[in-house]
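The values are calculated or read from the model by the stated rules, or taken from the named source; none is laboratory data. All values derive from a computational prediction rather than experimental measurement. Every residue, glycine among them, receives a Cβ derived from its backbone with ideal geometry; neighbour counts consider all protein chains shown.
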Amino acid sequence: MCGIVGYIGEKDCADVLISALTKLEYRGYDSAGIAVFENGKIKVEKSKGALSDLVNKMRDDESKPNGTCGIGHTRWATHGEPSDINSHPHGNKRITIVHNGIIENYKQIKEFLMSQGYAFESQTDTETVAKLLDYYYNGDPFETITKVIGEIQGSYALGILFRDFPDRIFAVRKDSPLIVGIGKGENFIASDVPAILKYTRDYYLLEHDEIAVLKKSGVKVYDIHHEEIKKELQRANWDVDAAEKGGYEHFMLKEINEQPGAVRTTISPRISDGLINFSECGLTNAMLNSFKQIHIVGCGTAMHAGIVGQYLIESLARVPVIVDIASEFRYRKPIVSENDLVIFISQSGETADTLAALRLAKKCGAKTLSIVNVKGSSIARESDMVIYTHAGPEISVASTKAYSVQLSVMYLLAFQLSLAKGKITEEGCRLLVAQLQQIPSYIEASIKLMEQCQFVSSKLVNADSLLYIGRGLDYALSMEGSLKLKELSYIHSEAYAAGELKHGTISLISDGMPVIAVATQSELFEKTISNVIEVKSRGAFVIAICKETDDIGPDVADHVIKLPELNDIFMPIVTAIPLQLIAYYTAVLKGCNVDKPRNLAKSVTVE
C-alpha cells in the first residue's frame, strides 16, 4: 500500500523525505508528494507518477520546499485515480496530512462536512480526514486528533502537520504500520524500516491509537487519554546495504541470489544437535501432539507456501490441514476450535486480510502461530506464537526469498509435528533435518541455471497465454510459478493439476501455446509425462522441469530444465528458483518494470 515518511531535525527536509521515500517506492508509485514547513507556512509539492517525476518537477520549476520539518508520501491508489489532485499530502493552510490505509466511513464524513460548508477537491478518502481535523481543530492538536480517530473507521497511519506548531510532527496509527525513528537531534516517522536505515537503526513501534509527538529534541508517545507511554526502543539489525541493489540490475535478481543465505539463516537457529528446537516461540512437542487439525492462512505467495506445507504435514505427520486464502477465511464461517492450530503466513506481518483472519481465529479459541519476516509487526505481536523468517528486507514486489524461507519453516514444522505425533522416529527426523541443512547448496546450483531460464523466457515473451501443469507438490509449485509470471510480465497464465487437463483445460491448447510442465515427483512422474504428451500432441510448446536423472526426450518436450537430484519432498524449494528466473527474464525481455509491477504493491495493508 502507500508509504509515508516524516522528518524533523537540522537537515534539508525535502532531501531527507525524498531519500526515505525511495526506500518505500515498493509500497506505491502512482504518485508522490511532500509537505514542508517553510517560513512558518506548510508548502506542498506533489505529482502523479513515480517519485522521480516529483523530483524533476521540483527541479524544473525550482519549487522544492526549504525547511527542516515535513512529511512525505508515495501512493498506491485505492480511492480516486492516480492524479496530481488525488496525490498526498492533503489538507489546507492550517493542517496537512499523509495517510496509509482506508477510511471505510469516509462517505458519511464527507457528506457531513459538505453540509458544514466544506468543499472537496479530490476523490480520496484521505481528504475527509484532513478536513475533519480542520473541523475539530481548536488550537489543541492532541484533542483534535483524539476526536477524529474516535469517528473514523477503517485502517490508518497518519502523519500530521499543524501550521500553529511548526516545530513538531504528530503521528497516529490503527491497523496500518508506522514506526518512529529515533536519531540524534532528529527524528522520523516511516511505514517501514528501510526508509530510516540511512539515518538511524533505532525506532519505536506504535500500537493502535497511540499518538506520537516528534520534535527534533525528542519523541513522546501518548495514549488517547493523554497519558505518556514509555516505549521499548527497537533496533533494526538490517545492514544498510541489504536495502540497496548491490550491483544487481533489479532488486528481484538480487533477492533471488540471496535465497541460499536466507534459508540458511532461517533454519540454522532452529536446529540443535541435529533436531528441531522451537523453544523460542514456546511450541512444544506436547502442544504439537494436542492439535487435531491445522489451518494455514495466507495471501498470494504466502498462501502458496501454505499449500506446500499442507502436502508436507499431511503426508508426514498425518494431521488434516486446511489451507485458506486469507480474504475468504472469515467469510466462509470456518470451523475452528480450541483443539486447532491456525498458522498465518505473511512476509510483512501487516497483511490486512491475514490480520483479520488471525483475530477471528483467536476469538474461536484456537492457538495461533505466525510466520513473518518483520519483527514487531502486527501479526507477530497479536499471535500466540511467532516464528520469524530471517530473509532481511525484500524490496521487489514479487516475492522470492520470502517464499523460500516460508517454505523452509514449513519443513521444520512438518518434521517436528511428525516427530511429536510419533509418525517418524528421532533418527528419521535427524535424517530429514540433515537433508534440509543441505538445501542452500542445492539452491545455489539451481541459480546457476540462469542461461537456460533466459532461453526459455525468449520463447515466452511473445505469448498471449500459457499454462503451468504439475501433480502433487509440483502442482503447488505450478501455482506459484504462474503467479510470478503474470504479475511480472502481464502475460496471462494459469496453473492446473495435470490430471485435470482432460476435464476441460486441454481445450485451451493451440498450436505453439507454451506449457510449462513441472515433473519432479518420482511417484507421479510417469503420469505427469503422459499429460505432457497429451498437450504436446495438440501443438503445445513444452518446457519441462525435472530432476537431472529423469529422461525426457524431444518428442515429449521442446526444452528441458534439469534440477539437482533430491528427495521428492525437498524438490519444491529448489524448483521455485527456475520458475522465479523464468518470470524475471520474461519481464525483462518485455521491458516491464520488474521490481514495481503495475497495479501492485508490496504490502497489502487494506482489505
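Per the listing Gly591, Gly512, Gly539, the residue uniquely under 29 Å from Gly3 (Cα atoms) and either modelled with pLDDT of 90 or more or touching a Gly at 6+ places or on another chain (Cβ under 8 Å) (or both) is Gly591.
Counting only helices (runs of 4 or more DSSP H) that sit completely within the range 210-291, those holding 1 or more residues that are of a type in the set (D, E, K, R) correspond to 251-257, 259-267. Of everything in the range 47-79 that is closer than 11 Å to Asp30 by Cα and among the small types (Gly, Ala, Ser), the residue that is modelled with the lowest pLDDT is Ala77. Identify, please: which residue in the range 138-162 is more than 22 Å from Gly218 (Cβ to Cβ), not polar (S, T, N, Q) and not in a helix (DSSP H, G or I) and is, among those, nearest to the chain's Cα centre (by Cα)? Once the filter is applied, the top-ranked residue is Tyr156.
Quick one: would you say Gly309 is at pLDDT 95 or above, assigned by TED's automatic domain parsing to the domain that holds Pro393 and either in a helix (DSSP H, G or I) or in contact with a helix residue (DSSP H, G or I) (Cβ under 6 Å, 6 or more places away or on another chain) (or both)? Steps first, please.
On the way: at pLDDT 95 or above: yes; assigned by TED's automatic domain parsing to the domain that holds Pro393: yes; either in a helix (DSSP H, G or I) or in contact with a helix residue (DSSP H, G or I) (Cβ under 6 Å, 6 or more places away or on another chain) (or both): yes.
Criteria met by Gly309.
Quick test for you: out of Arg201, Arg168, Arg173, pick the one residue that is closer than 20 Å to Val16 by Cβ, free of Cβ contacts under 8 Å to residues at least 40 places away in the same chain and buried (at least 17 other Cβ atoms within 10 Å of the Cβ). It would help to see each step written out before you state the result.
Details: Arg168 fails: free of Cβ contacts under 8 Å to residues at least 40 places away in the same chain; Arg173 fails: closer than 20 Å to Val16 by Cβ.
Checking each option against the conditions leaves just Arg201.
Within the range 325-335, is even one residue within 21 Å of the chain's Cα centre (by Cα) and part of a loop (DSSP other than H, G, I, E, B)? It would help to see each step written out before you state the result.
Taking the range 325-335 as the starting set, the residues that turn out to be within 21 Å of the chain's Cα centre (by Cα) are 325-330.
From what is left, the residues that are part of a loop (DSSP other than H, G, I, E, B) are none.
Among the residues of the range 325-335, not one is within 21 Å of the chain's Cα centre (by Cα) and part of a loop (DSSP other than H, G, I, E, B), which makes the answer no.
Given the condition buried (at least 24 other Cβ atoms within 10 Å of the Cβ), under 16 Å from Met385 (Cα atoms) and touching an Asp or Glu at 6+ places or on another chain (Cβ under 8 Å), answer yes or no: does some residue in the range 265-278 qualify? No, that holds for no residue. Of everything in the range 462-486 that is buried (at least 23 other Cβ atoms within 10 Å of the Cβ) and among the hydroxyl-bearing types (Ser, Thr, Tyr), the residue that is farthest from Met513 (Cα to Cα) is Tyr475. With respect to Lys292, determine if the residue is under 17 Å from Ala391 (Cβ atoms) and modelled with pLDDT of 90 or more. So Lys292 does not fit the description; no. The single condition among (1) modelled with pLDDT of 90 or more; (2) assigned to a helix (DSSP H, G or I) that Glu565 does not satisfy is (2). Please indicate, with yes or no, whether at least one residue in the range 392-406 is farther than 27 Å from Glu25 by Cα and either free of Cβ contacts under 8 Å to residues at least 40 places away in the same chain or of a type outside the set (Asp, Glu) (or both). Scanning the range 392-406, I find no residue that is farther than 27 Å from Glu25 by Cα and either free of Cβ contacts under 8 Å to residues at least 40 places away in the same chain or of a type outside the set (Asp, Glu) (or both), so the answer is no. Close contacts from the range 268-280, counting a first residue that is in contact (Cβ under 8 Å) with a residue 60 or more places away in the chain and a second that is surrounded by 13 or more Cβ atoms within 10 Å (Cβ to Cβ) and part of a strand (DSSP E or B), with Cβ to Cβ under 6 Å and a gap of 6+ residues or different chains, come to Arg270/Ile276. Within the range 119-137, is even one residue in a loop (DSSP other than H, G, I, E, B) and at pLDDT 95 or above? Within the range 119-137 (the criterion being in a loop (DSSP other than H, G, I, E, B) and at pLDDT 95 or above), the answer is yes, since at least one residue qualifies.
Test Ala434 against the criterion of being closer than 27 Å to Gly300 by Cα, out of contact with any Asp or Glu (no Cβ under 8 Å at 6 or more places or on another chain) and part of a helix (DSSP H, G or I), and give yes or no.
On the way: closer than 27 Å to Gly300 by Cα: no; out of contact with any Asp or Glu (no Cβ under 8 Å at 6 or more places or on another chain): yes; part of a helix (DSSP H, G or I): yes.
When the stated conditions are applied, Ala434 does not pass them.
Within the group Ser493, Ser408, Ser404, Ser399, which residue is outside any helix (DSSP H, G or I) and under 21 Å from the mean Cα position of the chain (by Cα)? Even if it seems obvious, please write down each step before you answer.
Values: Ser493 fails: under 21 Å from the mean Cα position of the chain (by Cα); Ser408 fails: outside any helix (DSSP H, G or I); Ser404 fails: outside any helix (DSSP H, G or I).
It is Ser399.
When the range 88-118 is filtered for residues that are of a type in the set (S, T, N, Q) and not in a strand (DSSP E or B), the ones remaining, listed by number, are Asn92, Asn105, Gln108, Ser115, Gln116. Residue count for the range 359-378 satisfying the condition of being buried (at least 24 other Cβ atoms within 10 Å of the Cβ) and assigned to a helix (DSSP H, G or I): 2. Among residues of the range 512-523 that are touching a residue at least 24 places away in the same chain (Cβ under 8 Å), those with a Cβ under 6 angstrom from a residue that is surrounded by 24 or more Cβ atoms within 10 Å (Cβ to Cβ) and in a loop (DSSP other than H, G, I, E, B), sequence gap 6+ or separate chain, pair up as Met513/Ala540; Val515/Ala540.
Candidates are the residues of the range 326-341 that are in contact (Cβ under 8 Å) with a residue 12 or more places away in the chain and in contact with an Asp or Glu (Cβ under 9 Å, 6 or more places away or on another chain); the one that is farthest from Ser290 (Cα to Cα) is Ser327.
Within the range 1-60, if we keep just the residues that are part of a helix (DSSP H, G or I) and of a type in the set (D, E, K, R), the residue that is farthest from Gln347 (Cα to Cα) turns out to be Asp60. So which residues in the range 167-201 are farther than 12 Å from Val219 by Cβ and not in a loop (DSSP other than H, G, I, E, B)? Selection gives Val172, Arg173, Lys174, Asp175, Ala190, Val193, Pro194, Ala195. Of all residues in the range 452-469, at least one satisfies being under 17 Å from Val308 (Cα atoms) and either in contact with a Phe, Trp or Tyr (Cβ under 7 Å, 6 or more places away or on another chain) or not in a helix (DSSP H, G or I) (or both).
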